[in-house]
Each structure stands twice: as C-alpha cells, then as structure tokens.
C-alpha cells in the first residue's frame, strides 16, 4: 500500500533550521522518520498565519516553497517532489519518499487568480482556503460572526479556477457555511486534509456527521487529524486548565524569531516537555475517529492527515511520523482488512487527487 500523510507543517520547521535529512530528536517529521514509519509520501503545507497581511503572506509562502525545494534537492538520494499520484507511485518504485506541496491559508493569493495559478505552476496541489480568521476567500470556523457567511464573490472565482486547474480544494479550517458553499459551487470532489469528527470531539474545527456525509456524497475524503484537542474533549479541558497554551505562545514566538538561540530553543523545548507530561489520549483515539468517519462516510472516503509539525503535543504513543504503523496495527486489531487499511492509509486520497486532476 502507499502510505500518505496529507498534512504536515514541516516547511515552517525547515525555516527554523531543521535539517529534514537527519533523524532529529525533537522533530515530528523528517526523512529518516518517514522511512522508519513506512510513510511513502506527505504533503508539506506552506502555512501562513492569519496575522500576516496578504502581501506578507505571499512573501512567506514563497520563502516556505523555496525551503521545500531546497530540502528535496539536498536529499535527492531519498526524496523527490510529486505533482501527481502516478509520480508518487514511480517515486516509491525508485525507493524515494514523495513530497507533495499544499498551501494552508488562501491569503497568499491575495485577490489574484494569476497568483493562484503561479502557486499551482510552482507545484502547489491543494489549497486550504482559510485558517484562523476570515480572509478574502471565505470565512473561518474560528470566526465569531463570519464576514461573508460562506464564500466571498472572489472565493467563488477561486473555487472555479481551482476546479479548472485540477487543484484540490481543502475545507479544513473553513466555517460550516463555507463548507456548504464550497460543496455547492465546486464541480470536483472536495477534501478535508486534516480534520476530525465533531460527534467525538466538539471543537468547531471538526466536521459534523452531516458534513462528512455530504463530503463523501460528492466524492471527497476526510483525513483524520492527530491533534489531541481535536480528538478528545477531555484533553481540551486538561490543556485549557494547564495554562500551557498561554505560557507557550510567547515562548514559541521568541524561538521562531531566533531559532539558533540555544536559550530560546531550550525554553520552547521545556514547554513541549510540560505538554507531553499531560494525560494525553492514546493514539487509539485516532482510530476511534477513523471508525466513526468510516461508519458515516464509508471506507472509500477516509484517510490520514496528521498535522504533524503544526501541533505542539501529540497523542500518547504517536510521538512522531515514525509511529504511523501503530494506526494500522490498531485497525487490524479492530477487524479492518488489508484492502480497507490500504484505502485509509493513502489510497483514497490519491484516488480523489487523480479525479480532480483529470
């Protein structure tokens, strides 16, 4: 089977001086860990914070994109870019790990379809339309009221152009209204590259059963996120009461600003250790969400999008991408066949990607 993680925030970590060619002590994703975990490919997401202006977001996205190209070039003996499912399968046959490119937050396209096309030509094969605040394309699930109550007029143009290009539309982080607008206006299947089930954890980032059912009915796929807050309400409460989010935010920002400073780096590592000491849900909770999504959408519409390198804490037992086989072992223990596991491991996402690119 082809094992694909549809969302890793590794490009930002590369800018923080991570060498993805090495087996890093603290990193959740690098090429040695991917090989050890049997992960054949991953989407490296070009994440731009909502705090940036559109112009700043464009600049940051280009910087992240360049970092991905450089990292692949420096590791060409073990990794290669993939723009299509066929290229990914060819890379696997050659013993190479595939790096796909996604873009998290549509802010970098500003208000320009030409910029959207430029990012596509540069290798971006999906775009998460929005992140933690409403943007020029649509509303975020984190928005209190919603600027557009779904897609903006420009957002409808973006959806049409992404359909024309064969670029996957990602509805993770989108508001419920945005989700249904995207379903209404997209002529191609839609994906949620890193989301969970709201029936099991009430966070607004997660999808309701009706949303999951609708996504599947239109040929799409939900990729289950590994972030404990999205997996389990009890952990969300524990994290909130710990105060570590507030404590860690400023410390992490200081580290991001000066990643080579050992004092700032160690201060952030200390926060990570405190987070890891909290009573985290087991990695088996990931499979609980897979089970639920399969029950709602069917086995052909569920996959894996870990959000590794974008989450400050992981489920117990799932410390990094090398631990991915534990998910499949748990699926076997619950009675899934090898064919069913292969679909969830990556086959479903690659199938949808191929349909969108036709």
The residue that is surrounded by the most Cβ atoms within 10 Å (Cβ to Cβ), considering only those in region 140-159 that are touching a strand residue (DSSP E or B) at 6+ places or on another chain (Cβ under 7 Å) and in a loop (DSSP other than H, G, I, E, B), is 141
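Residues checked against (1) closer than 19 Å to residue 113 by Cα; (2) surrounded by fewer than 20 Cβ atoms within 10 Å (Cβ to Cβ); (3) in contact (Cβ under 8 Å) with a residue 60 or more places away in the chain; (4) within 18 Å of the chain's Cα centre (by Cα):
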{"residue": "170", "(1), (2), (3), (4)": "yes, no, yes, yes"}
{"residue": "183", "(1), (2), (3), (4)": "no, yes, no, no"}
{"residue": "194", "(1), (2), (3), (4)": "no, no, yes, yes"}
{"residue": "199", "(1), (2), (3), (4)": "no, yes, yes, no"}
{"residue": "214", "(1), (2), (3), (4)": "no, yes, no, no"}
{"residue": "218", "(1), (2), (3), (4)": "no, yes, no, no"}
Number of the condition not met by residue 7 [criteria: (1) within 20 Å of residue 327 (Cβ to Cβ); (2) part of a loop (DSSP other than H, G, I, E, B); (3) out of contact with any helix residue (DSSP H, G or I) (no Cβ under 8 Å at 6 or more places or on another chain)]
(2)
Please count how many residues of region 311-358 are within 23 Å of residue 230 (Cα to Cα) and without any contact (Cβ under 8 Å) to a residue 12 or more places away in the chain.
1
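Where a number appears in this text, it was derived from the coordinates with a stated rule and is not lab data. No experiment lies behind these values; they were computed from the predicted model shown. Here the Cβ is made from the backbone with ideal geometry for all residues, glycine too, and neighbour counts use every protein chain on show.
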